[in-house]
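Q: Attaching a single structure in structure tokens format; questions to follow.
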Amino acid sequence: MKRIFLAVMLSIGAAGHAFAADLPQSAPPPPQAPAMYVPNVAPVYNWGGIYIGLNGGYGFGSSAWSGAGLATGDFNTSGFLVGGTLGFNYQWDAFVVGAETDLDFTGISGSTSTCNAAGVPGANCQTANDWLGTTRARIGYAADRVLFYGTGGVAYGNVQATAAGVTSSSTKIGWTAGAGVEAAFADNWTARIEYLYVDLSDASCGAACGGAPVDVSFTQSLVRAGVDYKFR
């Protein structure tokens, strides 16, 4: 009896295995796509906004006195300068446009000994400048955190003419143009270096020339560095 039961159970198991083999097999799961690597890319720097800053540098150029029988020819002027900057930028794609104004205290001066002509007492002519400002447009191209720009606009400052201890001072308006490069070293901080050429219109030496109609020219090349804080 046990043999008959065992034979029946083996027959049932074999039949079930054969039946399971005949059933359709389920499809394997679809392969998973490999995980994509997303690099950690820093956002492109935005140059737009209002900024304030400090600048300082050195000026070198020339002056000349002419008129009333006097012609000194060009003589050298030079000195240091330091001051403040205020401006704003607007960025469109990689292009940056804006406006900027600055005011510097300067120690620029120079003199010549060819000032011993009619109407000018004494043997020396000295030209000096102790403050200088500009208001300019800026147009630049931004390569992320580096900005290359050109600039131009109005320049203004005082021109002092001194002869035989007598000084005449007048405020003159002229023009300026130049170029520079600026780099952002933090989210709100930038540093720059720039060159500006400044030409103030001729001043009169006035009392220093005994009232004679003598014009005093003043041109200057400025090399300045600066640090700016940009408001978000």
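Q: Which ones in region 58-73 are surrounded by fewer than 19 Cβ atoms within 10 Å (Cβ to Cβ) and either in contact with a Leu (Cβ under 8 Å, 6 or more places away or on another chain) or at pLDDT below 95 (or both)?
A: Kept after step one, since they are surrounded by fewer than 19 Cβ atoms within 10 Å (Cβ to Cβ), are these residues of region 58-73: 58, 60, 62, 66-69, 71, 73.
Within region 58-73, Tyr58, Ser66, Gly67, Ala68, Gly69, Ala71, Gly73 meet the criteria.
Q: Select from region 123-165 the residues that are part of a strand (DSSP E or B) and out of contact with any strand residue (DSSP E or B) (no Cβ under 7 Å at 6 or more places or on another chain) and list them in ascending order. Walk me through how you get there before you give the answer.
A: Residues of region 123-165 part of a strand (DSSP E or B): 125-143, 146-163.
Matches in region 123-165: Ala143 only.
Q: Continuing with the same structure: For region 178-197, enumerate the residues that are of a type outside the set (Ser, Thr, Tyr) and surrounded by fewer than 16 Cβ atoms within 10 Å (Cβ to Cβ).
A: Once the filter is applied, which keeps residues that are of a type outside the set (Ser, Thr, Tyr) and surrounded by fewer than 16 Cβ atoms within 10 Å (Cβ to Cβ), region 178-197 yields Ala179, Val181, Ala183, Phe185, Ala186, Asp187, Asn188, Trp189, Ala191, Ile193.
Q: Residues being of a type in the set (S, T, N, Q), surrounded by 14 or more Cβ atoms within 10 Å (Cβ to Cβ) and within 29 Å of Phe218 (Cβ to Cβ): count how many of those fall in region 74-105.
A: Going through region 74-105 one residue at a time, the tally reaches 4.
Q: Please identify the pairs in which a residue from region 188-200 that is farther than 12 Å from Gly226 by Cβ and touching a residue at least 12 places away in the same chain (Cβ under 8 Å) has its Cβ atom under 8 Å from the Cβ atom of a residue that is of a type in the set (D, E, K, R) and in a loop (DSSP other than H, G, I, E, B), counting only partners at least 6 apart or on another chain.
A: If the second residue must be of a type in the set (D, E, K, R) and in a loop (DSSP other than H, G, I, E, B), the pairs left are Asn188/Arg232.
Q: If the requirement is being under 17 Å from Arg224 (Cα atoms) and of a type outside the set (A, V, I, L, M), which of these qualifies: Gly98, Gly152?
A: On the way: Gly98 fails: under 17 Å from Arg224 (Cα atoms).
Exactly one residue qualifies, and that residue is Gly152.
Q: So, one more: For Val166, work out the one condition from (1) at pLDDT below 95; (2) buried (at least 19 other Cβ atoms within 10 Å of the Cβ) it doesn't fulfil.
A: (2)
Q: From Ala183, Ala177, Ala225, Ala161, grab the single residue that is at pLDDT below 95 and of a type outside the set (Asp, Glu). Talk me through it step by step, then tell me what you get.
A: On the way: Ala183 fails: at pLDDT below 95; Ala177 fails: at pLDDT below 95; Ala225 fails: at pLDDT below 95.
Just one listed residue meets the conditions, Ala161.
Q: Moving on. Given the residues Ala128, Ala142, Ala161, Ala212, which is the only one that is surrounded by 16 or more Cβ atoms within 10 Å (Cβ to Cβ), touching a residue at least 60 places away in the same chain (Cβ under 8 Å), among the small types (Gly, Ala, Ser) and within 16 Å of Gly61 (Cα to Cα)? Full working, then the answer.
A: Values: Ala128 fails: touching a residue at least 60 places away in the same chain (Cβ under 8 Å); Ala142 fails: within 16 Å of Gly61 (Cα to Cα); Ala212 fails: within 16 Å of Gly61 (Cα to Cα).
Going through Ala128, Ala142, Ala161, Ala212 in turn, the sole match is Ala161.
Q: Quick one: in region 47-82, which of the residues that are of a type in the set (Val, Ile, Thr) and farther than 16 Å from Asn124 by Cα is farthest from the chain's Cα centre (by Cα)? Please lay out each step first, then the result.
A: Pass one, region 47-82, residues of a type in the set (Val, Ile, Thr): 50, 52, 72, 77, 82.
After this cut, where a residue has to be farther than 16 Å from Asn124 by Cα as well, the list is 50, 52, 82.
Numbers: Ile50: 13, Ile52: 12, Val82: 16 Å.
Taking the candidates together, the pick is Val82.
The values are calculated or read from the model by the stated rules, or taken from the named source; none is laboratory data. Quantities reported herein were computed from a predicted structural model and do not represent experimental measurements. Reconstructed Cβ throughout: ideal geometry from the backbone, glycine too, with neighbour counts over all protein chains shown.
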